[in-house]
Amino acid sequence: MVRHRRKQIYLLGFMGSGKSTVGELLARELRWPFIDLDTVIEAGQGVSIREIFERSGEPFFRQLEHAALSEVLKTEPAVIALGGGTFAHEANIELIHDSGGTTIWLDCSLETLRQRCVAMQNRPLFRDPESLQRLLELRLPYYRLAEFRISTEGRDAREVTEQILHLNAF
Ligand code: S3P
């Protein structure tokens, strides 16, 4: 049976892989709304992701993330930038799969992710380079479940966006 393909693109990948930057550009090109899942969670709580982690811990953040995802996937068309851990939880993967949208993994090297994460102040899960590598290794099997994998290594958001637009998948 051919599933109805919905006009939704989910960008997934590790912190620093370029999901938000590419997502914004892609949405502009497609003239679709852009939704950043982290921003939705922050707006709903009225505090930053870092504060949510500090005050209530990661399990509570994951509950909020799942609830926010359930809401945003009702929007169509939409380009949706997930958080780095969203597509590493079975219940979220199931929701996304059932939504019928297109999943795209923005991939780049550990070294590049490290450099980008060091420059970010607001990523509670970034502690040190070693823990970053462990976290990435745990998540790779999930990221590989995406329908498409696009490298963002050494490429700017425009180039990546062009490649996505040429996938002819939505
Ligand atoms: C997280 C990544 C962050 C944010 C939260 C947890 C993760 O999103 O959802 O800090 O588990 O990797 P970005 O990937 O947009 O940084």
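The values are calculated or read from the model by the stated rules, or taken from the named source; none is laboratory data. Source: prediction; values computed, not measured. Cβ sites come from the backbone with ideal geometry, for glycine too, and all protein chains shown count toward neighbours. With ligands, DNA and RNA removed, areas are computed over all heavy atoms of the protein, side chains included. Shrake-Rupley method; radii C 1.70, N 1.55, O 1.52, S 1.80 Å.
Details
- Pairwise FRET efficiency - Glu130 versus Asp98, Cβ, R0 = 35 Å, nearest 0.05: 0.45
- 3J(HN,Hα) along the stretch 145-156, derived from phi through the Karplus expression 6.51 cos²θ - 1.76 cosθ + 1.60 where θ = phi - 60°, amounts to 7, 5, 5, 10, 10, 10, 7, 10, 5, x, 10, 8 Hz, with x in place of Gly and Pro.
- Karplus 3J(HN,Hα) series, Hz, for the stretch 45-61 with 6.51 cos²θ - 1.76 cosθ + 1.60 (x for Gly, Pro): 9, x, 9, 6, 4, 4, 5, 4, 4, 5, 7, 10, x, 5, x, 5, 4
- Net charge contributed by nearby residues that have their C-beta within less than 14 Å of Pro77 (K/R +1, D/E -1): +4
- Sites Arg50 and Leu165 - FRET efficiency at Förster radius 35 Å, r taken between beta-carbons, to 0.05: 0.55
- Loop-located trypsin sites (Lys or Arg not before Pro) in the stretch 62-114 whose Cβ has at most 14 other Cβ within 10 Å (DSSP): Lys74
- Within-10-Å neighbourhood charge of Glu42 [Cβ basis; K, R +1; D, E -1]: -2
- Taking amide H as placed 1.01 Å from N in the peptide plane, the amide H of Thr102 sits under 5 Å from that of Gln8, Ile9, Tyr10, each at least 5 places away or on another chain.
- Charged-residue dipole, Cβ positions (Lys, Arg, Asp, Glu), the stretch 42-93 about Cα centre, Debye nearest 20: 20
- Taking the chain as a Gaussian network of alpha-carbon nodes connected by springs under 10 Å, the highest mean-square fluctuation of the residues Arg144, Arg155, Arg28 belongs to Arg155.
- 3J(HN,Hα) along the stretch 101-108, derived from phi through the Karplus expression 6.51 cos²θ - 1.76 cosθ + 1.60 where θ = phi - 60°, amounts to x, 9, 9, 10, 8, 8, 10, 7 Hz, with x in place of Gly and Pro.
- Split the accessible area of the chain by element, probe 1.4 Å, and carbon with sulfur accounts for 51%.
- The three principal axes of the C-alpha atoms in the stretch 9-82 carry coordinate ranges of 38, 26, 19 Å, sorted with the longest axis first.
- Hull volume in cubic angstrom per residue (convex hull over the Cα atoms of the chain): 110
- Test item: Cα-centred dipole of the chain, Lys/Arg +1 and Asp/Glu -1 on Cβ, debye: 260
- A cut-off of 5 Å between modelled amide H atoms, ignoring neighbours fewer than 5 places along the same chain, links Ala81 with Leu11, Ile35, Asp36, Leu37.
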